[in-house]
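In what follows, a structure is listed as structure tokens, so that the remarks can point back to it.
The values are calculated or read from the model by the stated rules, or taken from the named source; none is laboratory data. Treat the numbers as computed from the prediction; the structure is a model and nothing was measured. Cβ placement follows ideal geometry from the backbone for every residue including glycine, while neighbour counts extend to all protein chains displayed.
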Amino acid sequence: MAIFRFSLEQVLVYRTQLEEKAKAELGRIQADMLTEQQRKENLLTEMYAQEQQMFNLDVSKLGERWLIESYIKALRVDMAQSQKRLKTLDMMLQAARSKLAVCSKDKMILEKLKEKHEKAYKLEELQKEQREFDEIASIRFQAPSY
């Protein structure tokens, strides 16, 4: 029996590469999002710690209080930037997920087509083999001609 060759094998390989690339992009975006969430949590923790420190200060230390207030304002600005970045990353994450879904669907369609062609090829090969066996059997068991 001859080996099955899928005519669209290169396309299938390309689609597989696209799917892997989409998975890698999704993973990168998820990692960036996780890092940004951790950064936001760290900023929030630092802001609460500074507010606590500011409330525990003596009234006589105005210069130090002003520094802490300025630092808290800067932390709030950083928090707002972090929040914007998280929203952007969330939109990128949704886009990457939909791209991965499309790539997976395209690859799956080609894989099913390959399976279908392979099944038809094997059936055809079996039928050819059966015809050869039938022909050999009919020649072998023919009535002798005198």
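So here's what we get for this one:
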item: Restricting region 32-54 to residues that are at pLDDT below 95 and of a type in the set (S, T, N, Q), the residue that is farthest from K87 (Cα to Cα); result: Q53
item: Among residues of region 99-117, those that are over 15 Å from the mean Cα position of the chain (by Cα) and in contact (Cβ under 8 Å) with a residue 24 or more places away in the chain, counted; result: 5
item: Region 42-56 residues that are in contact (Cβ under 8 Å) with a residue 40 or more places away in the chain, paired with ones that are of a type in the set (A, V, I, L, M) (beta carbon under 6 Å, 6 or more apart); result: none
item: Subset of region 109-143 that is more than 26 Å from T16 (Cβ to Cβ) and of a type in the set (D, E) - its residue that is surrounded by the most Cβ atoms within 10 Å (Cβ to Cβ); result: E125
item: Residues within region 1-30 that are surrounded by 14 or more Cβ atoms within 10 Å (Cβ to Cβ), hydrophobic (A, V, I, L, M, F, W, C) and part of a helix (DSSP H, G or I), tallied; result: 6
item: Residue in region 124-142 that is assigned to a helix (DSSP H, G or I), touching a residue at least 40 places away in the same chain (Cβ under 8 Å) and more than 28 Å from D32 (Cβ to Cβ) present; result: yes
item: Verdict on A96 being in contact (Cβ under 8 Å) with a residue 24 or more places away in the chain and assigned to a helix (DSSP H, G or I); result: yes
item: Within region 1-31, considering residues that are under 18 Å from K114 (Cα atoms) and polar (S, T, N, Q), the one modelled with the lowest pLDDT; result: S7
item: Some residue of region 61-70 being assigned to a helix (DSSP H, G or I) and among the small types (G, A, S); result: yes
item: Filter pass, L89 being touching a residue at least 12 places away in the same chain (Cβ under 8 Å), surrounded by 11 or more Cβ atoms within 10 Å (Cβ to Cβ) and assigned to a helix (DSSP H, G or I); result: yes
item: Index of the failed condition, L57 passing every other in (1) touching a helix residue (DSSP H, G or I) at 6+ places or on another chain (Cβ under 6 Å); (2) in a helix (DSSP H, G or I); result: (2)
